[in-house]
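This report concerns only the one structure given below.
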Amino acid sequence: MNFSNRVISMQSSPIRKLVPYATAAKERGLKVYHLNIGQPDIKTPKNFFDAVNNFNSDVLEYAVSQGLPELIDEMTNYYSKYNMDFKKDEILITNGGSESLLFAMMATCDPEDNILVPEPFYTNYNGFSSCINVCIKPITTHPEEGFHLPKKEDIVSKIDKNTKAILLSNPGNPTGCVYTKEEVYMLSDIAIENNLWIIADEVYREFVYDGLDYISFGNIDKIKDRVIIVDSVSKRYSACGARIGSLACKNKDFISQVLKLCQGRLCVSTLDQIGAIQLYKTPQSYFMEVNEEYKKRRDVLYSELMKVEGVICEKPKGAFYILAKLPIENAEDFVIWMLNEFEVDGETVMVCPAEGFYATKGLGKSEIRLAYILNENDLKKAASILKQGIEKYIEIKNNLATNI
């Protein structure tokens with residue numbers, strides 16, 4: 001039997017494809033510290049579980065396609081705290097941020113169109129675009145520059161008649177980059193001058209460190225008709241399994257078009273929405289505590305990485321990821337070696353090779369992404385093991401090169 005070119009062209013998850021090596025390491029009795037995936041160990045606010053447990057109905061009915069009105073009300077209140085004035089009819093609830101991204105692409109692009117995306121980027125941007133025959137056109141950024149954007153003329157040079165949108169995460173996954181006010185306004189100007197949408201993936205909005213100023217694309221009044229805000233409770237409230245995302249847009253025509261897609265998949269889980277209503281009532285103190293915890297974790301991991309000669313990495317300012325360039329040729333080979341051949345007192349570390357976060361062939365081969373989502377004690381152990389592993393791997397490779 002044959003398969004469609006659409007599904008064949010989709011890449012396997014670079015984050016999950018090496019899991020069998022970690023499974024094998026555990027079967028050999030090793031403890032594996034997972035820094036390879038953004039699954040926080042922060043406790044989900046208890047009010048989510050209380051709301052689900054206390055839900056009482058004889059029938060678990062379909063929710064309305066655009067989302068429960070009570071949840072949308074809470075989201076409008078949430079956005080108002082960030083000086084974004086979204087009305088009830090300007091927000092749609094989705095099955096996680098993933099569906100938000102897919103629907104935004106489907107509503108703005110036809111097959112063979114393209115979207116500009118700063119690379120490295122969240123790997124599923126590739127998967128979602130491939131499945132609807134839309135092309136990702138990369139804007140390459142570099143670790144030596146903290147993954148900040150190139151000059152305006154470099155970005156504009158990539159635009160053609162089939163370019164329909166600019167998509168980016170801010171703060172960035174996998175880079176931890178927080179774009180400056182100047183960068184946000186530069187992209188806003190490009191969007192206006194070239195009649196492009198901006199799909200702003202802002203699911204890490206709360207995670208900005210060192211007192212850095214953060215500006216949302218939703219705060220730029222002159223582009224309010226072309227900004228699509230992608231959001232999710234997954235990382236914000238450490239509720240990845242709830243699968244509650246959203247799209248917010250002042251362009252009501254966009255909302256009405258996407259609503260047709262929402263109606264086609266009927267609705268989002270009623271119980272998860274019931275729980276999410278309470279998540280959006282979580283006090284601001286929760287974010288202050290979580291933010292401080294992630295900052296500590298970032299500092300622990302970054303400090304150990306910087307002890308290894310040849311590692312290139314700017315200290316990330318947001319999200320909970322570090323993307324580091326190692327003095328090696330093949331990061332995937334290093335990750336597999338760590339799981340197959342390296343341990344310290346029966347423990348090892350799994351990280352994520354970064355090549356799959358790029359669209360440009362050959363880039364990212366020597367880079368790794370680290371998610372600092374473990375508690376501080378475990379992270380200190382993992383960081384120390386990782387440092388020793390990098391140093392040992394480099395030593396082995398250097399010895400092999402000398403003996404050739």
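Scanning region 256-273 for residues that are of a type in the set (A, V, I, L, M) and open to solvent by less than 10 Å² (accessible area, probe 1.4 Å) yields VAL258, VAL268. As for region 236-250, it holds no residue that is modelled with pLDDT of 95 or more, of a type in the set (D, E, K, R) and part of a helix (DSSP H, G or I). Cβ-Cβ distance below 7 Å, separation of 6 or more or different chains: which pairs start in region 144-171 with a residue that is more than 21 Å from PHE128 (Cα to Cα) and in contact (Cβ under 8 Å) with a residue 12 or more places away in the chain and end on one that is open to solvent by 50 Å² or more (accessible area, probe 1.4 Å) and of a type in the set (Asp, Glu)? Matching pairs, first to second residue: GLY146/GLU314. Just one residue in the set ASP154, ASP189 is more than 21 Å from MET84 (Cα to Cα), open to solvent by 10 Å² or more (accessible area, probe 1.4 Å) and part of a helix (DSSP H, G or I); that residue is ASP154. Within region 292-306, residues that are within 14 Å of TYR321 (Cα to Cα) and touching a residue at least 40 places away in the same chain (Cβ under 8 Å) reach partners that are assigned to a helix (DSSP H, G or I) and of a type in the set (Val, Ile, Thr) with beta carbons closer than 9 Å, at six or more positions or on different chains, in the pairs LEU305/ILE390. Among the criteria (1) out of contact with any Gly (no Cβ under 6 Å at 6 or more places or on another chain); (2) open to solvent by less than 60 Å² (accessible area, probe 1.4 Å), the one ALA371 does not fulfil is (1).
Within region 348-363, one or more residues are more than 28 Å from ASN170 (Cα to Cα), touching a residue at least 40 places away in the same chain (Cβ under 8 Å) and in contact with a helix residue (DSSP H, G or I) (Cβ under 9 Å, 6 or more places away or on another chain).
Per the conditions (1) more than 20 Å from PRO353 (Cβ to Cβ); (2) among the β-branched types (Val, Ile, Thr); (3) buried (at least 22 other Cβ atoms within 10 Å of the Cβ), the sole criterion not satisfied by VAL117 is (1).
Residues that are in a strand (DSSP E or B) and open to solvent by 10 Å² or more (accessible area, probe 1.4 Å) within region 168-180 comprise just one, SER169. Pick from region 274-291 the residues that are touching a residue at least 12 places away in the same chain (Cβ under 8 Å) and among the hydroxyl-bearing types (Ser, Thr, Tyr): which of them is most open to solvent (accessible area, probe 1.4 Å)? The extreme case among them is TYR286. Here ALA319 passes the criteria (1) open to solvent by 30 Å² or more (accessible area, probe 1.4 Å); (2) more than 16 Å from THR141 (Cα to Cα); (3) among the aliphatic types (A, V, I, L, M) except the one numbered (1). Would you confirm, using the coordinates I've provided, whether ILE322 is of a type in the set (A, V, I, L, M, F, W, C), within 20 Å of TYR302 (Cα to Cα), under 22 Å from the mean Cα position of the chain (by Cα) and at pLDDT below 95? Spelling it out, it is not the case that ILE322 is of a type in the set (A, V, I, L, M, F, W, C), within 20 Å of TYR302 (Cα to Cα), under 22 Å from the mean Cα position of the chain (by Cα) and at pLDDT below 95. Screening ALA165 against (1) open to solvent by 10 Å² or more (accessible area, probe 1.4 Å); (2) on the phi < 0 side of the Ramachandran plot; (3) among the small types (Gly, Ala, Ser); (4) not in a helix (DSSP H, G or I) leaves a single unmet condition, (1).
Residue-level check: of (1) touching a residue at least 12 places away in the same chain (Cβ under 8 Å); (2) open to solvent by 10 Å² or more (accessible area, probe 1.4 Å); (3) among the acidic types (Asp, Glu), ASP221 misses just (1).
A single entry from GLU206, GLU183 fulfils the requirement of being touching a helix residue (DSSP H, G or I) at 6+ places or on another chain (Cβ under 8 Å) and either under 22 Å from SER9 (Cβ atoms) or open to solvent by less than 50 Å² (accessible area, probe 1.4 Å) (or both): GLU206. Checking each residue in region 197-216 for being in a loop (DSSP other than H, G, I, E, B) and either touching an Asp or Glu at 6+ places or on another chain (Cβ under 8 Å) or touching a residue at least 40 places away in the same chain (Cβ under 8 Å) (or both) picks out GLU202, VAL203, TYR204, ARG205, GLU206, PHE207, TYR209, ASP210, LEU212, TYR214, SER216. Of the helices (runs of 4 or more DSSP H) contained entirely in region 1-103, those carrying at least 1 residues that are of a type in the set (Val, Ile, Thr) and surrounded by 12 or more Cβ atoms within 10 Å (Cβ to Cβ) fall at 19-27, 46-53, 69-80.
Within region 1-39, the set of residues being touching a residue at least 60 places away in the same chain (Cβ under 8 Å) and among the polar types (S, T, N, Q) comprises SER9, GLN11, SER13, ASN36, GLN39.
The values are calculated or read from the model by the stated rules, or taken from the named source; none is laboratory data. Keep in mind it's a predicted model, so treat the numbers as computed, not measured. Note: ideal-geometry Cβ built from the backbone for every residue, glycine included; neighbour counts use all protein chains shown. For the accessible areas, the whole protein counts, side chains as well, though only heavy atoms, and no ligand, DNA or RNA atoms are used. Shrake-Rupley method; radii C 1.70, N 1.55, O 1.52, S 1.80 Å.
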